[in-house]
Amino acid sequence: VADPSRPIGVFDSGVGGLTVLGALRAELPHERFVYLGDTARLPYGTKSAETVVRYALQAADALVERDVKALIVACNTASSVALRSLRERYGDLPVIGVVEPGADAAVAATRSGCIAVIGTEATVRGGAYQRAIAQRRPDATVIALACQLFVALAEEGWTHCEVARATAQRYLAPLFARDAALRHGATDQPVLGGTPADTLVLGCTHFPALRAVIREVVGDEVTIVDSAATTARAARALLRGRGLLRAEDAAPGATRPAPAALSFLATDGVGRFAAIGGRFLGREIGEREIELVEL
Ligand code: DGL
């Protein structure tokens, strides 16, 4: 039913997708959102594509049962491997992933056309970013690297400490070495030629939490992009196109949302979700706002 007052469903494997929810709230302040973090089964990024598809469909089913008017897949791993299955399953329901908006952001930011993408193992293996960037800019050189440990660090809230710094160094220093010879062996994929990438895509919704330590390693010259803001804009455009945008949000720059506009579901660890999630969302989350669900 084209009823704009219905909520928008958003899901991720954990709290990482709250970075996307934050951008969605800023873009669409009068919407209601239901966010599901599948914390019982995190990480998705180390699982097979079949398993991620199954988990994503179950997470989405729980949101569709709550009568959402659109689904935002705030997880690069699920967007990479499960988007088609989700769209097939729900027919007319708008389903928006983060990979295509992330590719838009990358192509808008790069000058040299040399783009590095970091994500989970499944995202890198699936190649969705590589394809999405090539579609938008066929002459781009893309190098993709799995940085799976960043997910655990972000979920643990260890985002600004020595451990985070050392991990970022280990993953990224070879990739961004000025000397091309040093870049060889940084990944099992072909390395970029003469220059390192000028743009780094945070191709996992957990990674913006580590932006500061990533910045320290890659230096000031590299543009760091994530898909949160571009996904929010894509969501606005799609909802508007379908007549599902709330009238108050039709013009950008509207007033702040009412606090009741968000509700949260988690499949495990409500206390942990509340404690860590607030940092990702940029506002505190009370335990009582979170409902424990089984998928
Ligand atoms: N935050 C998710 C992503 O964007 C997945 C992290 C994980 O569960 O491995 O890929």
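The values are calculated or read from the model by the stated rules, or taken from the named source; none is laboratory data. As the structure is a prediction and not an experimental result, all values here were calculated from the model. Note that each Cβ is placed from the backbone with ideal geometry, even for glycine, and that neighbours are counted across all protein chains shown.
So Arg87 ticks every box in (1) touching a Leu at 6+ places or on another chain (Cβ under 9 Å); (2) buried (at least 18 other Cβ atoms within 10 Å of the Cβ) but one. Which box is left unticked?
Only one criterion in (1) touching a Leu at 6+ places or on another chain (Cβ under 9 Å); (2) buried (at least 18 other Cβ atoms within 10 Å of the Cβ) is unmet by Arg87, namely (2).
Could you check, for the range 74-83, whether at least one of its residues is among the polar types (S, T, N, Q), within 15 Å of the ligand (Cβ to nearest atom) and in a loop (DSSP other than H, G, I, E, B)?
No, the range 74-83 contains no residue that is among the polar types (S, T, N, Q), within 15 Å of the ligand (Cβ to nearest atom) and in a loop (DSSP other than H, G, I, E, B).
Considering each of Cys75, Cys114 in turn, give the residue that is surrounded by fewer than 24 Cβ atoms within 10 Å (Cβ to Cβ) and on the phi < 0 side of the Ramachandran plot.
Answer to the check: Cys114.
Kindly indicate the residue of the range 138-172 that is more than 11 Å from the ligand (Cβ to nearest atom), closer than 23 Å to Ala103 by Cα and within 20 Å of the chain's Cα centre (by Cα) and also surrounded by the most Cβ atoms within 10 Å (Cβ to Cβ) among those meeting that condition.
Val142
Of the residues that make up the range 9-20, is at least one over 28 Å from Ala146 (Cβ atoms) and in contact (Cβ under 8 Å) with a residue 12 or more places away in the chain?
no
Could you say which residue among Ala40, Ala59 is in a helix (DSSP H, G or I) and either within 16 Å of the ligand (Cβ to nearest atom) or modelled with pLDDT of 95 or more (or both)?
After ruling out the rest, the residue left standing is Ala59.
Mind telling me which of the residues Thr167, Thr159 ends up being of a type in the set (S, T, N, Q) and at pLDDT 95 or above?
None of the others qualify; the one that does is Thr167.
Just need a number here: residues in the range 135-165 that are part of a helix (DSSP H, G or I) and of a type in the set (Val, Ile, Thr).
2
Might you let me know whether the range 76-87 holds any residue that is of a type outside the set (A, V, I, L, M), modelled with pLDDT under 95 and in contact with a helix residue (DSSP H, G or I) (Cβ under 8 Å, 6 or more places away or on another chain)?
Looking for residues that are of a type outside the set (A, V, I, L, M), modelled with pLDDT under 95 and in contact with a helix residue (DSSP H, G or I) (Cβ under 8 Å, 6 or more places away or on another chain), one finds none in the range 76-87, hence no.
Would you mention how many residues in the range 111-134 are β-branched (Val, Ile, Thr), outside any helix (DSSP H, G or I) and closer than 20 Å to Lys47 by Cα?
3
Counting only residues that are buried (at least 21 other Cβ atoms within 10 Å of the Cβ) and at pLDDT below 95, which one in the range 26-37 is nearest to Arg236 (Cα to Cα)?
Looking at residues that are buried (at least 21 other Cβ atoms within 10 Å of the Cβ) and at pLDDT below 95, I get Leu28.
Among the numbered criteria (1) within 16 Å of the ligand (Cβ to nearest atom); (2) in a loop (DSSP other than H, G, I, E, B); (3) not basic (Lys, Arg), which one does Asp67 miss?
Here Asp67 meets the rest and fails (1).
Looking at the range 43-52, which of the residues that are assigned to a helix (DSSP H, G or I) and within 14 Å of the ligand (Cβ to nearest atom) is farthest from the chain's Cα centre (by Cα)?
Thr51
If a residue must be part of a loop (DSSP other than H, G, I, E, B), touching a Ser or Thr at 6+ places or on another chain (Cβ under 9 Å) and not charged (D, E, K, R), how many such residues does the range 1-32 contain?
Result for the range 1-32: 8.
Suppose we keep only residues that are within 16 Å of Val20 (Cα to Cα) and not hydroxyl-bearing (Ser, Thr, Tyr) within the range 258-272. Which one would you say is surrounded by the fewest Cβ atoms within 10 Å (Cβ to Cβ)?
Out of the qualifying residues, it is Ala261.
Is it true that Gly16 is within 21 Å of Ser227 (Cα to Cα), modelled with pLDDT under 95 and either among the β-branched types (Val, Ile, Thr) or surrounded by 21 or more Cβ atoms within 10 Å (Cβ to Cβ) (or both)?
It is true that Gly16 is within 21 Å of Ser227 (Cα to Cα), modelled with pLDDT under 95 and either among the β-branched types (Val, Ile, Thr) or surrounded by 21 or more Cβ atoms within 10 Å (Cβ to Cβ) (or both).
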